[in-house]
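Computed from the coordinates by the stated procedures, all read-outs in this text should not be read as laboratory data. Not measured: the values here are computed from a predicted model. Counting neighbours? That spans all protein chains shown, and the Cβs are built from the backbone with ideal geometry, glycine included.
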Amino acid sequence: MTALAAPSERSGAATGRRPGVWAVYRWELVKLRYQKRTYLGLGASILAPLLLVLAINLRSGAGHGDAFAFSNYLTRSGLVVPLVILLFGAIWMFPLIVALVAGDIFASEDHNGTLKTVLTRSLERHQIFAGKMLVAATYAVFAILLGGTVGVIAGSLQSGFNSLQSLSGTIVSAPRGLELVYASLVVYLIPTAAIVSIGLMLSTLTRNSAAAVVGTLMISLLIQLIGILPGMSGAQPYLLSTQFNAWQGLLRTPTDWVPIIRALWVSALYGVPALIVALLVFLRRDVAGG
Amino acid sequence: MSAPPIEVRGLVKRYGALTAVDGVQLTVEAGDVYGYLGPNGAGKTTSLRMMLGLIRPTEGTVRLFGRDPNATVAALAGVAGFVEAPAFYPYLSARRNLELMAAFDGDSAPTRIDLALDTVELASRASDRVGGFSHGMRQRLGIAAALLRSPKLLLLDEPATGLDPAGMRDMRLLIRRLADEGMTVLLSSHLLAEVEELCNRVAVLRRGRIVYEGTIAELARGAGTRYRLASTDDARALGICVARPGIAEVGYEHGHIVFSADEQAVAELSRALIEADVLIRELAPQTVTLEDLFFSLTEGDGFVAERAEAAAAVPGAS
């Protein structure tokens, strides 16, 4: 064995240089690059719009013309493809994709036993929490924007980069339609952030990756189920699942801001308590296993 | 006067009705290689977790160089180590893992990582994923990760457990060398040979309590000298031994009466045996090993029963 590092070359821990949230964020991103689940989620984001476009292509090519549901919308402009993905993706696809990372990000540290390793370096627990939370949010943003962008490109190749018919029946130009698509993706991120928070909460509470991922999806589905129960229509505006449709307010003329503003505070009602629970559990827990 | 590397006072950890650590007090001075001994479940790892701020004590305090590791991670400046097996991200290479650790210490000097890998003889496997590493390689990588912090105090939990004989020897040599360089080491272990070879002081833990704290030499002196006795009538001799003042820890092992006593008590016992017409066939001091001391300290409750069983096993005893 060779000599240890020279005393003059002291580590950051020894010299008092303190790392911060950025160090956690950067390395959590590096870790994501090496994990299969990262690519499963992103692959689903890419695949969903491609499958939709393929289905449109097959139906059109088979001579069905306008015979299938919404075919008029879907074949008129490729910009409709990402919006359809947003509409149906809210049921389980996007909650599952974001839960793959949010539900795993703390629980996997328990699984690998690495929590004790990182907690004995030079970072406070709240810094580790903040870094991980930001990475889970970044992944969610990336997955949704990726899905939307693939939808725009694939849809435009299939049906053309054409003007879009708004939900009020008016026609908006293709460039303006593109703006609305990306604005819709941004609005979609509001309830998605609440799902991320629920995933983080379950990740810290269960310390089990599979339980946290599936649990997040189950909660999302349960909320949707409540919405379709008889006599629950009054609760509909306050369900998290409803907020996934808030982007539709952008496609009305004039823009309907009511569902978007409601999405902000209703999503906060779900997301903020979940995030607080996750933070408190992480700050206070005894690391007796991982 | 600077604060000692480790100062633990009245440390208690309870999990419901179970008291895992019960009023531990210890002080590790600068330059010590301090053995923290105890059987499995004695509370060693729980104590170490509290010392590293991973779990909060139910009662009591831990101070590392005078700072509280449960208040802020800054208290761990100059401190490194691991509890149980060191853990790494299996999908990252050894170097990537160390880079992550260094970044989490606010340091990214690649030369330090190279030196640390070199020190633990893992330089040639630096690019391999840790998921494919053997237990011994992970242990060594754990030491490398600890060394990145340029620690003044190293806390190691069973560092040689699971290693092959060559790996254990290398680990001992490494710890010895680090200690020679001036590092204070707290070494939790149940490998008594390792502790005897490396440590200048020990604490022995039993059911969460420290039952001995001091040097191994003091421990051996305190235990008195063990003697082995064979006589023409072991049953009567055993009765005499048990009744004599100054004769302690009497037992019967492998056809011999064994006991602890000082020289004066042994001389008086010899006379008492002769007066009772019990002739001595053999009376010799036994070398007390750390293992003997360890078991006498950590299995105290079993001793009375063992003695009773020993008496029953004596030929001719009714």
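Would you mind counting up the charge near B:Met137? Only other residues with Cβ under 11 Å from its Cβ, with Lys and Arg at +1 and Asp and Glu at -1.
Combined, the nearby Lys, Arg, Asp and Glu give +1.
Stretched out fully, how many nm does the piece from B:Glu197 to B:Ile274 gain, at 0.36 nm a residue minus the Cα gap?
23.5 nm
Can you tell me which of B:Gln264, B:Gln139, B:Gln286 moves the most in a GNM of chain B? Springs connect C-alpha atoms under 10 Å apart.
Per the Cα network of chain B with a 10 Å cutoff, B:Gln264 tops the list.
What residues qualify as long-range amide H neighbours of B:Tyr212, i.e. H under 5 Å apart, gap of 5 or more or another chain, H built at 1.01 Å from N?
It is B:Val204, by chain and number.
Give me the angle, in degrees from 0 to 90, between the Cα long axis of helix B:135-147 and the longest principal axis of the Cα atoms of chain B, rounded to the nearest 10.
Helix B:135-147 and the main axis of chain B meet at about 70 degrees.
Would you mind calculating the gained length between A:Trp22 and A:Lys36 on full extension (0.36 nm times residue separation, minus the Cα-Cα distance), in nm to one decimal?
Between A:Trp22 and A:Lys36, full extension yields an extra 2.7 nm.
Given R₀ = 51 Å, what would the calculated FRET efficiency be for B:Thr111 paired with B:Thr19, taking r from the Cβ atoms and rounding to 0.05?
Taking R0 as 51 Å, the efficiency between B:Thr111 and B:Thr19 is 0.65.
Provide the percentage of antiparallel DSSP beta bridges, counting only those with both residues in chain B; round to the nearest 5.
65 percent
Multiply the residue separation of A:Phe142 and A:Thr170 by 0.36 nm, subtract the distance between their alpha-carbon atoms, and state the gained length in nm to one decimal.
So the extension gain works out to 7.0 nm.
Take the cross-link list A:Lys31/B:Lys152; A:Lys31/B:Lys13; A:Lys31/B:Lys44; B:Lys44/B:Lys152 and give me the ones stretching past 26 Å between alpha-carbons.
A:Lys31/B:Lys152; A:Lys31/B:Lys13; A:Lys31/B:Lys44
Looking only at A:Val196, A:Val81, A:Val277, which one moves most when chain A is put into a Gaussian network model with springs between Cα atoms under 10 Å?
Of the options given, A:Val277 has the highest mean-square fluctuation.
Among B:Asp262, B:Asp277, B:Asp22, whose mean-square fluctuation peaks in a Gaussian network model of chain B (Cα, cutoff 10 Å)?
Top of the fluctuation ranking is B:Asp277.
Among residues other than B:Pro4 whose Cβ falls under 10 Å from its Cβ, what is the net charge (Lys/Arg +1, Asp/Glu -1)?
With Lys, Arg at +1 and Asp, Glu at -1, the net is -2.
Relative contact order of chain A, please, whole-number percent, based on alpha carbon pairs below 8 angstrom and at least 6 residues apart.
It rounds to 25 percent for chain A.
Where does the charge balance sit around A:Leu164 when Lys and Arg score +1, Asp and Glu -1, over other residues with C-beta under 14 Å from its C-beta?
Spelling it out: positives minus negatives among the neighbours equals +2.
Considering only DSSP beta bridges where both residues belong to the protein assembly as shown, give the percentage that are antiparallel (nearest 5).
Rounded to the nearest five, the antiparallel share is 65 percent.
Say each of A:Asn245 and B:Thr289 gets a label point 7 Å from the Cα, pointing the same way as Cα to Cβ; how far apart are those two points in nm?
7.8 nm
How high is the FRET efficiency between A:Leu87 and B:Arg9 when r is their beta carbon distance and R₀ equals 60 Å, given to the nearest 0.05?
0.45
Give me a single rounded figure for B:52-59: the average over its residues of other chain Cβ atoms within 10 Å of their Cβ.
3
Under a point-charge model restricted to the Cβ atoms of Lys and Arg (+1) and Asp and Glu (-1), what is the dipole moment magnitude of the range A:35-284 relative to its Cα centre, in debye to the nearest 20?
320 debye
If a paramagnetic tag sat 7 Å from the Cα of B:Ser134 along the Cα-Cβ line, which residues of the range B:156-175 would have the backbone N under 20 Å from that point?
B:158-175
In terms of Cα to Cα distance under 24 Å, which lysines are near enough to A:Lys36, apart from those fewer than 8 places away along the same chain?
A:Lys116, A:Lys132
Please give, to one decimal in nm, the separation of the simple spin-label points placed at A:Tyr73 and B:Thr58, each 7 Å out from Cα toward the Cβ.
6.1 nm
Take each complete run of DSSP H in chain A, measure how far its Cα atoms stretch along the helix's own axis, and keep only those covering 20 Å or more with mean Kyte-Doolittle hydropathy at least 1.6; list them.
Those that pass (Cα extent of 20 Å or more, hydropathy at least 1.6) are A:209-228, A:258-284.
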